[in-house]
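Working notes for the structure below.
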Amino acid sequence: MMPSSSEMLFILAVFILFFGIERLPKLARSLGMAKGEFQKGISDSRSMTEDDLDRGGKTENAELVEKADSAGVDIEGKTVDEVESDIEEE
C-alpha cells in the first residue's frame, strides 16, 4: 500500500526536523552510495557462488589443496602461487 501525499509530507517534515535541511542532500547521497555498494557486493557474491558451483561446490583454495594432495605437493607454509608452480612442475 502506497502512502498518500499527506503521509509523505509528514515523513519529509520529520526528516527535516531530525536531520536539518542542510544535511538531507548528504544523507541522500550516502544512502545512494550504500545502495550501490550493496548491489556491487550482491553481484560479486553471485559470480563467486556460480564459480564455486562450477567447481563442484569447492572454493578455489579447496580445489588447489585437492590438486596438491593428488600431486603429492606439500603446501605447508607456501603461498598460492608457490603451490601452483609446484603442481605444474610435478
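Things worth noting here:
- Which listed residue, of Lys35, Lys67, is within 30 Å of Phe19 (Cα to Cα) and either in contact (Cβ under 8 Å) with a residue 24 or more places away in the chain or among the basic types (Lys, Arg) (or both): Lys35
- Per-region count, region 1-39, residues charged (D, E, K, R) and modelled with pLDDT of 90 or more: 4
- Some residue of region 10-28 being basic (Lys, Arg) and assigned to a loop (DSSP other than H, G, I, E, B): yes
- Count of region 46-80 residues, restricted to those that are surrounded by 11 or more Cβ atoms within 10 Å (Cβ to Cβ), outside any helix (DSSP H, G or I) and not hydroxyl-bearing (Ser, Thr, Tyr), is 5.
The values are calculated or read from the model by the stated rules, or taken from the named source; none is laboratory data. Being a predicted model, the structure only gives us computed values, none of them experimental. Using ideal geometry, Cβ is built from the backbone for each residue, glycine included, and neighbour counts are taken over all protein chains shown.
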